[in-house]
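Participant: The structure that follows is given in the form of structure tokens.
The values are calculated or read from the model by the stated rules, or taken from the named source; none is laboratory data. Note that the structure is predicted; figures quoted are calculated from it, not measured. With ideal geometry, Cβ positions are generated from the backbone for all residues, glycine too; neighbour counts draw on all protein chains shown.
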Amino acid sequence: MIEIERLNSSHVPSVKDIQLSDESVRFASTADDFLLDGSDTTHLHVIKHHGLVVGFFKLDTAYASTYSFCSKNSIGLRTLALDQRQQGKGLGTESVEALGDYLANHYQSYDFVYLTVNCKNPAAVACYRKGGFKDTGELYLGGEAGPQHVMRRRITG
């Protein structure tokens with residue numbers, strides 16, 4: 001079972017223990033970089049499977065002010081990464097599906113959650129689609145690793 005929680009100090013050692021593939025680091029970031037990026041508008045979260053931290057992601061409440069493709073009253077999903085030892089078990093899709101309920105319960109005042117996913121990462125595109133995200137048909141060209149699909153999912157209703 002997947003659980004999503006806001007990062008707290010007890011999670012930090014487990015997040016630092018997460019092993020990411022070179023590809024995950026290229027498309028997301030390192031665990032150390034993730035831990036340094038929290039703020040009032042960037043909320044850090046962990047993904048737990050049977051009580052163990054297996055991944056992390058950020059929710060950016062200021063995403064719409066940074067990215068023109070993001071509609072007002074929407075947030076951004078950034079840096080979703082799973083420990084490489086946990087990949088291939090369906091946990092990515094389960095995590096994205098669990099995110100829907102989590103957002104509806106904790107971020108219900110927002111309309112949509114947006115993300116960008118690298119065009120060279122078809123497995124991630126498929127995972128987000130299975131988890132309820134739809135491709136907007138737009139490409140974001142400002143990513144360090146090349147063009148990215150813009151995807152979104154309605155948070156409520």
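Participant: How about region 38-90: which of its residues are among the aliphatic types (A, V, I, L, M) and out of contact with any Gly (no Cβ under 9 Å at 6 or more places or on another chain)? Reasoning before the result, please.
Facilitator: Of region 38-90, the ones among the aliphatic types (A, V, I, L, M) are 44, 46-47, 52-54, 59, 62, 64, 75, 77, 80-82.
Within region 38-90, L52, V53, V54, I75, L77 meet the criteria.
Participant: Check off (1) closer than 25 Å to Q84 by Cα; (2) within 16 Å of the chain's Cα centre (by Cα) for G146 and give me the number that stays unchecked.
Facilitator: G146 satisfies every listed condition except (2).
Participant: Then there is this: Just give me the residues in region 1-20 being within 15 Å of L82 (Cβ to Cβ), of a type in the set (S, T, N, Q) and loosely packed, with under 15 Cβ neighbours inside 10 Å, in sequence order.
Facilitator: Listed by number, the list holds a single entry, Q19.
Participant: Now for a different question. Could you tell me whether any residue of region 63-71 is in contact with a helix residue (DSSP H, G or I) (Cβ under 6 Å, 6 or more places away or on another chain) and either of a type in the set (A, V, I, L, M, F, W, C) or in a loop (DSSP other than H, G, I, E, B) (or both)? Give the derivation first.
Facilitator: Taking region 63-71 first, the residues in contact with a helix residue (DSSP H, G or I) (Cβ under 6 Å, 6 or more places away or on another chain) are 70.
Add one more test, that the residue is either of a type in the set (A, V, I, L, M, F, W, C) or in a loop (DSSP other than H, G, I, E, B) (or both), and what stays is 70.
Within region 63-71 (the criterion being in contact with a helix residue (DSSP H, G or I) (Cβ under 6 Å, 6 or more places away or on another chain) and either of a type in the set (A, V, I, L, M, F, W, C) or in a loop (DSSP other than H, G, I, E, B) (or both)), the answer is yes, since at least one residue qualifies.
Participant: Taking region 83-103 only, how many residues are of a type in the set (A, V, I, L, M) and either within 10 Å of the chain's Cα centre (by Cα) or surrounded by fewer than 14 Cβ atoms within 10 Å (Cβ to Cβ) (or both)?
Facilitator: Of region 83-103, the ones of a type in the set (A, V, I, L, M) are 91, 96, 98-99, 103.
In the following step, the residues that additionally are either within 10 Å of the chain's Cα centre (by Cα) or surrounded by fewer than 14 Cβ atoms within 10 Å (Cβ to Cβ) (or both) were identified as 96, 99.
Residues in region 83-103 being of a type in the set (A, V, I, L, M) and either within 10 Å of the chain's Cα centre (by Cα) or surrounded by fewer than 14 Cβ atoms within 10 Å (Cβ to Cβ) (or both): 2 in total.
Participant: Taking region 50-61 on its own, how many of its residues are of a type in the set (G, A, S) and either assigned to a helix (DSSP H, G or I) or farther than 19 Å from L35 by Cβ (or both)?
Facilitator: 1
Participant: Suppose we filter region 57-70 for residues that are surrounded by 14 or more Cβ atoms within 10 Å (Cβ to Cβ) and more than 17 Å from A124 (Cα to Cα); how many remain? Let's see the steps before the verdict.
Facilitator: Filtering region 57-70 down to residues surrounded by 14 or more Cβ atoms within 10 Å (Cβ to Cβ) leaves 57-64, 67, 69-70.
After this cut, where a residue has to be more than 17 Å from A124 (Cα to Cα) as well, the list is 59-64, 67, 69-70.
Final tally of qualifying residues: 9.
Participant: Still on this structure, please answer the following. Considering only region 72-119, how many residues are in a helix (DSSP H, G or I) and either free of Cβ contacts under 8 Å to residues at least 40 places away in the same chain or over 19 Å from F34 (Cα atoms) (or both)?
Facilitator: Within region 72-119, the first condition is being in a helix (DSSP H, G or I), and the residues that meet it are 84-86, 91-106.
Those left that are additionally either free of Cβ contacts under 8 Å to residues at least 40 places away in the same chain or over 19 Å from F34 (Cα atoms) (or both): 86, 91-94, 96-98, 100-106.
Qualifying residue count for the region: 15.
Participant: The conditions are (1) closer than 22 Å to G131 by Cα; (2) under 14 Å from the mean Cα position of the chain (by Cα), and D37 fails exactly one of them. Which is it?
Facilitator: D37 satisfies every listed condition except (1).
Participant: Can you pull out the residues in region 120-157 that are among the β-branched types (V, I, T) and part of a loop (DSSP other than H, G, I, E, B)? Quick ask: steps written out before the conclusion?
Facilitator: In the first step, residues of region 120-157 are kept if they are among the β-branched types (V, I, T); the result is 125, 136, 150, 155-156.
Answer for region 120-157, where residues must be among the β-branched types (V, I, T) and part of a loop (DSSP other than H, G, I, E, B): I155, T156.
Participant: Considering only residues that are among the basic types (K, R) and over 16 Å from G100 (Cα atoms), look in region 38-88 and name the one that is modelled with the highest pLDDT. Step through it out loud before you land on a result.
Facilitator: Initially, region 38-88 is screened for residues among the basic types (K, R), giving 48, 58, 72, 78, 85.
When the remaining residues are screened for being over 16 Å from G100 (Cα atoms), the result is 72, 85.
Working: K72: 95, R85: 90.
Taking the candidates together, the pick is K72.
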